[in-house]
Structure formats: C-alpha cells, structure tokens
1. For the stretch A:103-131, which positions are more than 8 Å from chain B (Cβ to nearest Cβ) and at positive phi?
2. If I go through the stretch B:83-92 residue by residue, how many of them are under 19 Å from residue B:110 (Cα atoms) and touching a helix residue (DSSP H, G or I) at 6+ places or on another chain (Cβ under 7 Å)?
3. Can you find, within the stretch B:62-72, the residue that is farthest from the other protein chains (Cβ to nearest Cβ) among those that are in contact with a Phe, Trp or Tyr (Cβ under 9 Å, 6 or more places away or on another chain) and assigned to a strand (DSSP E or B)?
4. Of all residues in the stretch B:44-63, count the ones that are under 13 Å from the mean Cα position of the chain (by Cα), closer than 14 Å to residue A:46 by Cβ and of a type outside the set (Asp, Glu).
5. I'd like to know if the stretch A:124-131 contains one or more residues that are under 19 Å from the mean Cα position of the chain (by Cα), of a type in the set (Gly, Ala, Ser) and part of a loop (DSSP other than H, G, I, E, B).
6. What are the residue pairs meeting all of these: first residue in the stretch A:387-411, first residue closer than 28 Å to residue B:139 by Cα, second residue of a type in the set (Asp, Glu), Cβ atoms under 6 Å, and 6 or more apart or on different chains?
7. Hey, among A:98, A:120, which residue is in a helix (DSSP H, G or I) and either under 19 Å from the mean Cα position of the chain (by Cα) or among the small types (Gly, Ala, Ser) (or both)?
8. So which of A:378, A:368 ends up being under 16 Å from residue A:295 (Cβ atoms) and either within 13 Å of chain B (Cβ to nearest Cβ) or modelled with pLDDT of 95 or more (or both)?
Amino acid sequence: MKYQSQLVAKPYFIAALALFFGQIVFGLIAGMQFLDGTFLFSAAHFNIVRMTHTNLLIVWLLMAFMGAAYYIVPEEAQTELYSPKLALITFWVFLIAAALTVVGYLLVPYAHLAAITGNAIVPTMGRGYLEQPLPTKIGIVLVALSLLFNVTMTLIKGRKTSINLILVGALWGLALLFLPSFYFPEDTVKASYSWWWIVHGWVEGDWELILGALLGFILIKMTGVDREIVEKWLYIIMAMVLISGLVGIGHHYYYIGAPAYWIWLGSIFSAMEPIPFMLLIAFAFKMLFQRRREHPNKAAMLWAMGTPIMAFLGAGLWGFMITLAPAQYYIHGTNFTAAHGHLAFFGAYAMVSMAIISYAMPMLRGREANSVRAQHWEIAGFWIMVLSMIGIALALTGAGLVTAYLQRSGADPLGFMQVQDRARVFFWGREIAGAGFFTGLLVYLRSFFIQGEYQYTAQVKRALAT
Amino acid sequence: MQEVFTKSMARNIFLGSAVFFLIIYLALTYDTWQQIPVRDHADKITASVIRGKYLVDTNDCIGCHTINGEGSYYAPELDNVYKRRGPEFIKLWIPAQPSGVAGRRQMPHFNFTPAQIDDIVAYLQWLSNVDTNHWPPNIEG
Amino acid sequence: MHNALTADPLQQSRGQPLPGDFAIWVFIFAELTVFGVLFAAYAFTRSAHVDLFNASQLTLNRAYGFANTLLLLTSSYFVARALRAIKTGRNKACGNWLAGALGLGALFLLLKLIEFHQDFARGITLSANLFYMFYLSLTFFHFMHVAMGMIILAVVAVKAYAGRYTADRHTGVETGGSYWHMVDLVWILLFALVYVIH
C-alpha cells in the first residue's frame with residue numbers, strides 16, 4: 001500500500017464479505033424452499049428470500065467494486081484520494097441504506113413497502129434485481145455520484161493510466177446504466193426491453209470492463225509484466241465485449257414481445273460473446289508465464305487465474321448454451337438460466353472481487369502477503385467454493401433440462417408443478433452443493449482470522465532444505 | 001520496420017466499436033419502439049390493465065412467477081395463464097391461497113378486493129395476446 | 001519501438017508481414033467473420049424460403065446497387081493509387097487520391113440513403129418479411145462500415161496533407177486502405193448475394 005487514503009477500501013471489503021455471507025444464507029433458505037414449499041412460508045416467503053439473496057449479491061459486488069476503486073485509483077494515479085472522509089461517509093450511507101432495505105423486505109409486506117415509500121409517484125418496484133424501494137434507488141444514485149466525484153477528482157489531479165481511465169470510465173457507465181431503473185413504462189414489453197439496458201448493460205457490458213480493469217491491475221502488480229502490454233490487451237478484449245455484447249443484447253429479446261428480427265441479430269452477435277472471455281484466459285495465462293517476479297501471495301494469484309476460467313465457463317460456455325434462439329425456445333425461463341446466472345455471477349464478478357480482496361487485504365493490514373497457513377485456508381476455501389458452484393450449476397442445469405423435456409416439448413406436456421416434482425433430485429443436488437459452498441465460504445472467511453505475515457526467510461530455508 | 005500495433009490503436013478500436021455498435025443498437029431500438037405497440041396491442045392497455053399491472057408489480061409476482069420467461073422459476077409462467085386456466089379459475093384461485101398442502105409450494109394470501117382481482121385478470125388477458133414469436137412452446141408455459 | 005513490445009505475442013509475424021497494422025487485421029478478420037455468419041444465415045434461410053426470397057429480391061432497385069458497386073470499386077482503385085503515391089513520397093498526391101475516394105464514398109452513402117428512403121416509402125421494414133429483414137440488416141450494417149471507413153480515410157488523408165507519412169513510414173495509409181478494401185469486398189459479395197443471385 002503506497003498511499004494512506006487507500007485504507008478506506010478496508011471497510012468496503014469487510015462489509016462486502018459480510019454481505020456475501022448473508023447472501024449465501026438466504027440462498028440456502030431459498031434452495032430449501034424448493035424442497036419444502038412450506039419452509040419459513042409465513043416468516044419469509046420465497047420471493048422475499050430470493051430478492052434478499054439477489055439484492056445482497058448486487059450490493060456486496062458494488063461494495064467490492066467501490067473498495068477496489070478506492071484502492072486502485074490512488075495507487076494508479078500516484079496521489080492520495082481526493083477525499084477519504086467522503087469515501088468513508090459514503091460507505092456508511094451505503095451500508096445503512098442496504099441494511100434498512102433488507103430489514104424493510106423482511107418486516108414489511110412488499111405492497112405495503114411500495115405504498116409507504118412513494119412508489120405510486122415514480123413506480124420502480126417489482127422488477128428483478130431492481131426490487132428496491134424508491135428511497136433506496138435514490139440513495140444508490142447519490143452513493144454512486146459521491147464515488148464518481150471522488151475518484152474522478154483523484155484521477156484529474158494524478159497520473160492517467162489506461163487502467164484508471166477504464167476503471168473510472170466503467171464506474172461512470174455503471175452509474176449511467178442504473179438510471180433506466182427510474183423508467184418503468186406501463187407497457188410490459190417496453191418495460192422488459194428497457195430492463196435489459198440495466199441488467200445486460202451491467203453484467204454483459206460495463207461490469208466486464210470493471211473486471212478487466214481489476215484483473216489488469218492485479219496482474220501488473222503481481223507479475224511485473226510491462227504495463228503497455230497489459231493495457232493493450234485490455235483494450236482489445238473490451239472492444240470484443242462491445243462488438244459482441246451491444247447487439248448481443250438481442251438474445252434477451254426473442255420471446256418477450258420484441259420484433260422477430262432480434263432472433264437473428266441476437267443469435268449472431270451473442271454467439272460471439274464467449275470470445276472476450278477466451279481472450280481473457282489467454283491474456284491472464286500469457287501474463288502468468290511471462291511473469292518477472294514471484295509474488296508471495298499465492299492465494300491472490302489463484303483467484304486471478306481462476307476468475308477468467310470460471311467466467312468463461314459461466315458466462316461464456318453456459319451463456320452460449322442458452323443464447324441461440326432455437327435452444328432458448330425450450331430453456332428460456334427455466335432453471336437452466338439460473339444455472340448460467342449462478343456460475344457467471346460467481347465466476348466473473350464474485351471471483352474477481354475476491355481476487356482484488358485477496359490481493360489488497362494483506363496490504364491494507366500492513367503486510368505484502370498473509371502467512372502460509374492463512375493462504376492454505378484461503379486456497380482451500382477457493383477450491384471448495386469453486387467446485388460447489390460448479391455442482392450448483394450442474395444441478396440447476398439438470399432441473400432446467402427436465403422442464404425443457406417434460407413441460408416444453410413432446411406431445412403430452414406436463415404441468416409446471418408436476419415437472420417441478422420430477423426435478424426434485426436436482427433441487428436436492430443444488431441444496432447439497434449449496435451447503436458445500438457455505439462450508440467453503442466459512443473456510444475462506446477463517447483465513448482472515450489467522451494472524452501473521454508471509455515469512456520470506458523461513459520459506460527460503462524450507463525450499464533449500466527440500 | 002513497420003510501426004507496430006500500439007496501445008492508442010487498441011484504444012481507438014475500443015472506442016470506435018463502442019460508438020459504432022451503439023449507433024446500430026439505437027437504430028434498431030428506434031425500429032423496435034415503433035413495432036412493440038403493434039405486437040402487444042398497446043391500444044388494449046386500458047385503465048384496468050394498468051391497475052392490474054401495478055398490483056402485479058407491487059406484490060412482486062415475478063419474485064416467484066415468470067412473465068414471458070423473466071422472473072423466478074418457483075411458480076408457473078403468467079404470460080399464457082389466462083389461456084391455460086381461464087378467467088374464472090384465476091378469480092377463484094388467487095383468494096383461495098395459500099393452499100396449506102404440506103410440503104407444496106405456497107402462494108401468499110394478498111387480500112385483494114374483487115375489483116382488484118378483475119384488474120389483475122384484465123392484465124393477464126392483455127398479456128396473453130402479446131406476440132412473443134410463438135413462445136412458450138405450448139400451453140403449459 | 002520499445003523493447004517491451006517485442007515480447008508481445010500479438011506481433012510475432014514471420015516472413016512477409018501483412019500490409020498495415022496488425023490490429024486492423026484482427027479487426028478485419030473479426031468483421032469478415034460477422035459478415036460471413038450473416039451471409040451464411042442468409043443463404044440458410046433462403047434455402048427454406050426460395051420463392052419468397054426470389055419474389056422480394058425482384059423488388060430491389062438493381063440500378064442503384066450496380067451504381068454503388070461501381071462507386072466503391074472506383075474508390076478502391078483511388079485508395080490503391082493513394083498508396084502508390086505515398087510509396088514514392090508524394091504526400092499531396094496521396095491526399096488527393098484519398099479525397100477522391102472519400103467523395104465516392106459519400107456518393108455511395110447518398111445513393112444508399114435515397115434507396116433506403118424509397119424502400120421505407122414502399123413499406124419495406126425489418127419486420128416486413130425474412131428477405132427484407134436480411135436485406136436491411138446487411139445493407140445497414142455495411143452502410144455503417146462505409147461511414148466508419150470514411151472516418152478512417154479522412155484521418156489518413158488529413159495526415160497525408162500534413163506530410164506525416166514518408167515513402168518508408170506509411171502504415172496509416174496501408175491500414176486505412178486495407179479496411180476500405182474490406183468494405184468494398186463485402187459490398188461486392190453483398191450485391192451479388194442479395195441483389196443479383198437468383
């Protein structure tokens with residue numbers, strides 16, 4: 001850590017991991033409700049559990065991205081953050097707003113929450129991922145403005161590296177793309193069409209740029225490879241993201257009421273969406289093989305290498321399986337989509353967040369890398385979480401295929417609830433893999449409580465002895 | 001030696017593709033915007049349909065159901081439920097929830113007035129006539 | 001240039017390098033792939049709806065299409081002349097040839113706009129039928145490429161007039177020229193496939 005103000009990233013990272021923990025707990029409850037429909041029915045109905053699960057995901061990822069921005073921007077700009085105090089105030093505002101929103105979800109019936117928060121004035125509630133009441137949405141905009149002001153001012157007074165320009169630019173994009181959440185037309189088809197500006201715009205566009213910037217930063221720092229090469233690759237990868245992804249948004253428009261030409265345009269362009277992820281893998285491993293130093297933080301390196309691979313699996317491969325119109329005809333709106341969602345969100349965005357946390361947290365705690373023992377715990381957590389998430393994705397894929405075969409095709413299709421019963425074994429598989437994921441998370445979190453730093457001399461002695 | 005592929009070149013390609021494809025997307029969106037009201041019979045969006053949609057949104061129906069495949073996969077598709085079950089069934093079904101059958105997924109009780117249920121049914125009827133390129137494949141949704 | 005750059009795996013070219021900048025070739029191959037997939041989709045769909053495609057094809061204005069083909073072919077020739085000019089160090093001649101190519105490109109856009117206008121007036125839209133969907137998508141996508149190519153050529157022309165190229169160092173001219181030839185090539189394929197072949 002080179003600049004004192006980078007320390008403001010620490011509370012962001014800690015809160016991100018705490019919210020991540022909450023997200024998994026609600027995920028387990030929701031998974032349980034697939035197995036026992038009356039489980040916690042009166043206390044927290046499935047829709048409430050689900051919105052808490054997904055909203056916590058978004059909030060903890062935003063927390064991690066913000067923490068990453070406050071950590072990276074000063075270091076890249078080679079100057080102190082414009083206002084560490086503002087960053088800290090923003091942190092508390094964001095955390096309290098998120099907490100109040102979750103409390104609102106859990107204690108107040110949703111329709112009542114809508115009534116008391118002025119939803120009738122500007123209707124925004126009741127769309128996936130955007131369930132937040134109006135005050136929370138306004139709060140998100142204010143928090144984003146504060147972040148943008150702070151990092152942009154830092155950037156202006158400091159060195160303008162490509163990593164910084166990409167990161168700050170992508171944060172601006174993130175905030176701008178959130179604005180359509182205040183536009184909720186009465187025409188459901190237009191509402192769906194514009195909802196994807198936010199959701200697709202974030203996860204298949206703008207966030208990929210953030211992912212690229214974070215990964216680029218980590219790789220520059222850990223491998224010592226020349227900055228010019230890293231940044232040039234980043235631009236090419238991001239160009240491919242936009243070439244494939246901008247018109248590729250059409251793969252959401254096949255069956256929601258939009259014109260039929262999207263079936264062709266969406267299929268053709270979104271079929272190229274795995275390409276940037278392949279390039280990302282090639283890029284990360286090239287950098288690894290060309291590294292000019294051995295960084296003691298092996299765990300962070302594992303996260304950084306695992307991210308492009310898992311992102312390719314979840315976003316690239318699983319995304320491709322459902323992207324072509326003929327395939328989507330049968331699996332649109334099934335758990336196959338949920339499989340893709342889980343693997344892609346985890347593989348791309350959760351993992352890149354943990355990569356930057358893994359790299360930066362030891363620095364923020366005053367050491368270059370954690371002790372070998374702490375890293376062993378972290379690496380164990382990595383593998384348990386990654387393998388469990390693959391298990392979750394496979395189970396949900398199975399459940400989705402059951403729907404495709406029994407409910408969507410054949411001469412004598414079964415009804416929804418009958419099909420869900422037939423898919424029960426997959427819901428068990430998902431829940432067991434989910435419990436595995438939770439275990440992995442606990443192992444991962446345990447690593448933060450192991451004190452001590454990486455001992456160079458002890459490691460060298462051991463290496464020489466063997 | 002030729003000048004080689006420089007960072008500024010890569011950046012220009014990135015910015016160029018951004019603008020290029022944004023223009024294409026905006027042009028397509030403009031066309032789509034003209035087509036949607038025709039395909040979804042926007043002239044049939046009555047005050048009752050709008051009220052029904054507001055109830056569907058503010059009770060987070062898509063937290064369990066899907067509408068045109070979007071939402072959650074905990075409960076059946078609502079796009080064609082009007083055609084699958086018919087209005088009378090829906091009007092009886094909603095107030096009768098939760099079923100209380102042990103282990104079965106439960107739908108909450110929403111305390112709708114009969115007029116509100118009529119609005120919801122009007123919305124579902126409108127929804128069932130949207131041209132979704134022949135999706136879902138069959139009546140089961 | 002830099003030592004660091006020689007470590008870049010992207011530019012390990014052996015033997016005779018492709019003319020122009022490597023990045024533009026990555027881009028050109030990516031573009032050709034997209035057009036290739038679009039053409040393949042067109043051919044695939046046509047095989048299932050031959051009558052519809054043939055009937056709709058006849059409604060297109062082939063005179064415009066043919067004129068546009070000539071315009072782009074001539075402009076490609078101008079670009080080739082511009083390259084030859086810069087190879088002998090004649091910056092001003094290079095700029096003039098490029099300006100000529102730009103003028104022809106502008107005529108192409110104008111003619112295509114008139115054609116689009118007439119199409120729309122006749123009720124041809126993306127949703128009219130499958131043929132028109134492909135026709136409009138392909139020609140509009142190509143239209144955007146011509147516009148993009150013109151921006152690139154304009155930058156190159158300005159640099160040529162400013163004397164920024166020499167007989168030895170003129171990657172910019174080759175790069176912009178390669179892109180323009182690609183746009184021309186795609187149009188010829190498009191014209192044959194969409195306007196002519198029955």
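1. Within the stretch A:103-131, A:118, A:129 qualify.
2. Residues that pass the stated criteria total 3.
3. Across the stretch B:62-72, the extreme among qualifying residues is B:70.
4. 3
5. yes
6. From the stretch A:387-411, the pairs are A:407/B:140.
7. Testing whether each residue is in a helix (DSSP H, G or I) and either under 19 Å from the mean Cα position of the chain (by Cα) or among the small types (Gly, Ala, Ser) (or both) leaves just A:98.
8. That would be A:378, the only listed residue that is under 16 Å from residue A:295 (Cβ atoms) and either within 13 Å of chain B (Cβ to nearest Cβ) or modelled with pLDDT of 95 or more (or both).
The values are calculated or read from the model by the stated rules, or taken from the named source; none is laboratory data. Not measured: the values here are computed from a predicted model. A quick note on method: Cβ atoms are made from the backbone with ideal geometry, for glycine too, and the neighbour counts reach across all protein chains shown.
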